[in-house]
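Here is the structure we will look at.
Computed from the coordinates by the stated procedures, all read-outs in this text should not be read as laboratory data. Please read these numbers as outputs of a predicted model, since none were measured by experiment. Here Cβ is always computed from backbone atoms with ideal geometry, including for glycine, and neighbour counts include all displayed protein chains.
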Amino acid sequence: MLDISTTRVTIDWLTGRLSGNAITSKEKRLGQLAGLFRHQEAFARMDPDQLVYTVQYWMPIDEGTPGGLFWGNTTIEPGRVGDEYFMTAGHCHAALNRAEFYAAVKGEGVLLLMNESGNTRAEKMHPGSLSYIPGGFAHRVVNTGQTPLTFVACWPSDAGHDYTTVASRGFGVRIRSIDDLPQVIQEVACGP
Ligand code: S6P
Ligand code: ZN
């Protein structure tokens with residue numbers, strides 16, 4: 001007789017949280033995100049220890065292995081730097097043709113997707129939304145709500161992450177609160 005084993009990892013679908021020994025986590029606090037937000041003076045007035053987002057990953061095989069998959073979740077806290085909502089740093093995959101799924105579990109937000117020509121589009125994220133991020137598209141998530149935004153993600157184990165491209169060129173747009181509503185605004189230098 002063959003034993004029926006239990007899985008090494010479980011998901012709480014109400015929260016997206018992963019449990020199990022194989023899980024790794026990281027936190028991003030404001031102080032680690034210098035240069036990300038448009039309004040530098042507002043940024044300088046805020047607590048660098050303030051939590052912006054947390055990530056959990058399950059990497060069942062070594063990073064870089066072709067043909068495998070990774071699973072993770074991200075929770076972005078509600079908040080703003082000036083009129084710009086808390087968001088992830090954003091990246092493209094180092095192997096440019098590697099795609100990814102994002103599925104929102106709770107909260108409200110916007111997924112920014114920018115192709116290699118620098119054209120950006122924005123997609124709503126809400127509980128149940130499922131977004132396909134094609135290969136070659138830089139991706140960033142913005143929490144436009146009053147509560148934490150959690151989404152789960154699945155991506156190829158040989159995708160890798162390139163943060164320098166987004167850090168240097170941005171997305172061409174920013175999601176800002178204008179009259180208390182999230183708006184996609186073309187990037188401009190921060191003025192008075
Ligand atoms: C990995 C996937 C997510 C992000 C996470 C944090 O390919 O897209 O797990 O790593 O949302 O965002 P960032 O831009 O800091 O990696
Ligand atoms: Zn990614």
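Springs between alpha-carbon pairs under 10 angstrom, Gaussian network model over the chain: which of 79, 16, 128 fluctuates most?
128
Quick one: compute a quarter of the convex hull surface over the Cα atoms of the range 87-139 and quote it in nm². It would help to have the intermediate numbers written out before the result.
Numbers: hull surface 14.0 nm².
The Cα convex hull of the range 87-139, projected and averaged over all directions, gives 3.5 nm².
Can you give the three extents of the C-alpha atoms in the range 1-102 along their principal axes, from longest to shortest, in whole Å?
Projected onto the principal axes, the Cα atoms of the range 1-102 cover 66, 31, 19 Å.
Report relative contact order for the range 1-74 in percent, whole number only (criteria: Cα-Cα under 8 Å, sequence separation at least 6).
On the way: 87 pairs, mean separation 21.7, N = 74.
29 percent.
Treating only the Cβ atoms of Lys and Arg (+1) and Asp and Glu (-1) as charged, compute the dipole magnitude of the chain about its Cα centre; round to the nearest 20 debye.
Working: 16 positive and 20 negative charges, 27 e Å.
The dipole magnitude comes to about 140 debye.
Tell me, which longest segment in the chain has none of the chymotrypsin sites (Phe, Trp or Tyr not before Pro) that fall in DSSP loops with at most 13 further Cβ atoms within 10 Å? Working shown, then result.
Values: sites that count: 13, 163.
It runs 14-162.
Would you kindly derive the ³J(HN,Hα) couplings of the range 4-13 from the backbone phi angles with the Karplus curve 6.51 cos²θ - 1.76 cosθ + 1.60 (θ = phi - 60°), listing them in order in whole Hz, with x for Gly and Pro?
Result, rounded to whole Hz: 9, 8, 8, 6, 6, 9, 10, 10, 8, 6.
Determine which aspartates and glutamates satisfy two conditions relative to residue 124: a Cα distance under 15 Å, and not lying fewer than 8 residues away in the same chain.
Candidates past the 8-residue exclusion: 108.
Find, to one decimal place in angstroms, the Kirkwood hydrodynamic radius of the range 91-192, where the mean of 1/r is taken over every pair of different Cα atoms and then inverted.
Answer for the range 91-192: a Kirkwood hydrodynamic radius of 14.3 Å.
Per residue and in Å³, how big is the convex hull formed by the alpha-carbon atoms of the range 138-192? Intermediate results must be reported in sequence, preceding the final value.
Details: hull volume 6.3 nm³, N = 55.
So the per-residue hull volume is 115 Å³.
Give me the aspartates and glutamates in straight-line cross-link reach of residue 28: C-alpha distance below 14 Å, same-chain residues under 8 apart excluded.
Cross-link targets: 47, 49, 77.
If the viscosity is 0.692 mPa s and the temperature 37 °C, what translational diffusion coefficient in µm²/s does Stokes-Einstein give for the range 37-79 when Rh comes from Kirkwood over Cα pairs? Write down the numbers at each step before the final one.
Working: Rh = 13.4 Å.
It comes out at roughly 245 µm²/s.
State which stretch of the chain is the longest one without any exposed GluC sites (Glu not before Pro), exposure meaning a DSSP loop state and at most 14 other Cβ atoms within 10 Å. The partial results should precede the final answer.
Details: sites that count: 63, 116, 187.
For GluC sites (Glu not before Pro) (loop position, at most 14 other Cβ atoms within 10 Å), the longest site-free span of the chain is 117-186.
Give me the tail of P(r) for the chain as a percent: Cα-Cα pairs with distance above 31 Å.
On the way: 3049 of 18336 pairs.
Roughly 17 percent, once rounded to a whole number.
Of the candidates 139, 93, 39, which one comes out as most mobile in a Gaussian network treatment of the chain with C-alpha springs shorter than 10 Å?
Looking only at 139, 93, 39, the largest GNM fluctuation is found for 39.
Nearest 500 deg cm²/dmol is fine: what mean residue ellipticity at 222 nm does the chain get from its DSSP H runs of n ≥ 4 alone, each adding -39,500 (n - 2.57), divided by its residue count?
On the way: 2 runs with 12 residues, N = 192.
Rounded to the nearest 500, it is -1500 deg cm²/dmol.
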